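Let me begin by presenting the structure, written as structure tokens, before commenting on it.
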């Protein structure tokens, strides 16, 4: 009997193997990995399972991984595996949203019971969402694509219609409008929701390794290819591939992508065999692809193959009436992330926010909300002169907000490098690391790379 799906994340191979075996014997379906950075691609709003992760891992710690998962769906249960010295950290993590933690060494029965409780919770969450949708109540799409304007109401209606279909989709819109949010929503509304959602940034693909990255390779396919590697398309089997910023894909690769989309097969480098892949493709573009076709920079046949169904995500200038509601939502989320008291912006600030064009759209508005939650103000022309807000609350919260603001400011200046930060702030590396963990600061968000 399958008791549910568990994503197990641990960099300790022996512990991961024994834990996976114990969960398998207890009747769970287990997918284990030592690559925490790959896990968010497997999570969706409809993910029917839980995550069990070690709290201390070198590339991405368990709490940072939990925050990434909760950025996709706040109600995915995350269970942290801790050492004795990490218990206080785990307790703090539970206040931030961890479902539970289990301390090493633990018994197989204790682990199975903890996972079973989390699985019951997840099933209840998913059942309640279905019941709310059936009763005509606002579904999660209202939370993800916020807005009461006509253009947003129409966008949500189209997403609900297109999501369950199997057709490929082209999503257009200016920078920062939320094209990937729409893509994830389409995936989560489809029958593929429990399968991987793999996002590929076409502009960031290393040109010398593009084919190996997407299609995989066989041993000996090129110098240094010592063993077989599955490409991103095969990792997405059964799920959805998001081709982000597809207009930047090199022309030579566009023909090979067209063949994959048409035939739903791939041919790894060094192989003579075509392998079938069950994938839905969603592409995004911040530029009109019709213009790119006319200029000869994008294949017309690939454009027409992708644009069978198109969605346009409107900029904030096309839905100014949504800005106060959206800013309030982003401000509340930022306050929760930064563990500070939520604040209410004064009317003069709301008016100024609405008057601005926000060329970076929702992304720029989110950054402004983050600064406001930290008590830094908007740091721009929209900030009302002489207006102070975000003060008050408990002294400990205000001190924490100040510390976080100073560390974030230093990280921004150093491009995410830690040494200039702890030297500038007069801290030891250990103290800085502990403060960043306590305050929930992820240095990768401020990295120039």
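The values are calculated or read from the model by the stated rules, or taken from the named source; none is laboratory data. Being a predicted model, the structure only gives us computed values, none of them experimental. With ideal geometry, Cβ positions are generated from the backbone for all residues, glycine too; neighbour counts draw on all protein chains shown.
The range 362-449 holds helices (runs of 4 or more DSSP H) entirely within its bounds, and those carrying 3 or more residues that are modelled with pLDDT under 80 and within 30 Å of residue 344 (Cα to Cα) map to 395-414. In the set 367, 361, only one residue is under 30 Å from residue 241 (Cβ atoms), outside the structural domain of residue 282 (by TED's automatic domain parsing) and surrounded by fewer than 18 Cβ atoms within 10 Å (Cβ to Cβ); that residue is 367.
Being closer than 24 Å to residue 192 by Cα and surrounded by fewer than 16 Cβ atoms within 10 Å (Cβ to Cβ) is a property that does not hold for residue 4.
Could you check the range 65-88 and list, in sequence order, the residues that are surrounded by 17 or more Cβ atoms within 10 Å (Cβ to Cβ) and in contact with a strand residue (DSSP E or B) (Cβ under 7 Å, 6 or more places away or on another chain)? Within the range 65-88, 65, 66, 69, 76, 77, 78, 79, 80, 81, 82 qualify.
Among the residues making up the range 264-287, those that are modelled with pLDDT under 90, out of contact with any helix residue (DSSP H, G or I) (no Cβ under 9 Å at 6 or more places or on another chain) and loosely packed, with under 15 Cβ neighbours inside 10 Å are 272, 273. Evaluated against (1) assigned to a loop (DSSP other than H, G, I, E, B); (2) more than 30 Å from residue 367 (Cβ to Cβ), residue 177 falls short on exactly one condition, (2). Within the range 240-259, take every residue that is at pLDDT 90 or above and either in a loop (DSSP other than H, G, I, E, B) or touching a strand residue (DSSP E or B) at 6+ places or on another chain (Cβ under 7 Å) (or both) and give me the one that is farthest from residue 194 (Cα to Cα). Applying the filter and picking the extreme gives 247. Taking the numbered list (1) surrounded by 15 or more Cβ atoms within 10 Å (Cβ to Cβ); (2) assigned to a helix (DSSP H, G or I); (3) at pLDDT 90 or above in turn, residue 32 passes all entries but (2).
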